[in-house]
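All remarks here apply to the structure that follows.
The values are calculated or read from the model by the stated rules, or taken from the named source; none is laboratory data. Here the structure is a predicted model, which means the values were calculated and not measured. Backbone-built Cβ (ideal geometry, glycine too); neighbour counts: all protein chains shown.
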Amino acid sequence: MSDSLIQVDALSKKFGSFTAVDGVSFEVRQGEVFGLLGPNGAGKTTLISMLVALKKPSSGRALVNGFDVATQADEVRNSIGIVFQDPSLDEELTARENLELHVVMYGMPSSARAARIAEVARIVGLEDRLDSVVKTFSGGMRRRLEIARSLLHYHKILFLDEPTLGLDPQTRKHVWDYVRRLKKEHGMTIVLTTHYLDEADSLCDRIAIVDGGKVVALGSPDALKNKLGGDVIEVESSDGACLAESLAKQEWVRQAK
């Protein structure tokens, strides 16, 4: 039996004549942190939007927790947590009130609410700030509160869309620590998008590099660095073929042409 919680097969999304995601295929294994790495406009957020059943694919298929994102959208949404790129907290409410609003909207029994709110606040290190108004929070604290909100319903899979965008380096590393804890201590499967190379390298078990709506490379950080890393040097020569042949024999040269 497959240990993959997400299976993506030839998934595409078109907006008119523009293809935002073009025939993407990959799987995400249970308990791993899987990264979608690429520049702005590469198609990462559109891909995530399909996987969380907010946008319907134009073609191809994706299963999340065994549910088809196109035909079982409600089941998909009820089985995942997600932190969007854009902030979605009510700044005039306290952290506790933001979390309480979420559990009430999603129908959590009243007898379970207080304990679960306390638990997710502890997971992200905000147990001492639950009664503080969100507008007094730093960017990192707000992001941690959004992660806490996404954990309220015991989901197996968490989607993080650019989780540290706009945060300072120190705060980014704090968020990384909490993501690692979610995997290590709670066994969560996490899919994150990022355009930060260091973030993908630090957090992810495997990375899909996305560019122009396609997955152009897929593997562990070390495997991708070994495959794709290095400098490109352009040399002019009167006998290019001979020089390329000679350079290709050097152990420090990966490719010469």
Single residue of region 237-257 satisfying the filter (modelled with pLDDT of 80 or more and of a type in the set (Asp, Glu)) that is surrounded by the most Cβ atoms within 10 Å (Cβ to Cβ): 245
Please give the helices (runs of 4 or more DSSP H) falling wholly within region 164-228 in which 3 or more residues are buried (at least 16 other Cβ atoms within 10 Å of the Cβ). 169-186, 197-203
Residue ID - nearest to residue 176 (Cα to Cα), chosen from residues in region 77-127 that are among the small types (Gly, Ala, Ser) and under 24 Å from the mean Cα position of the chain (by Cα): 125
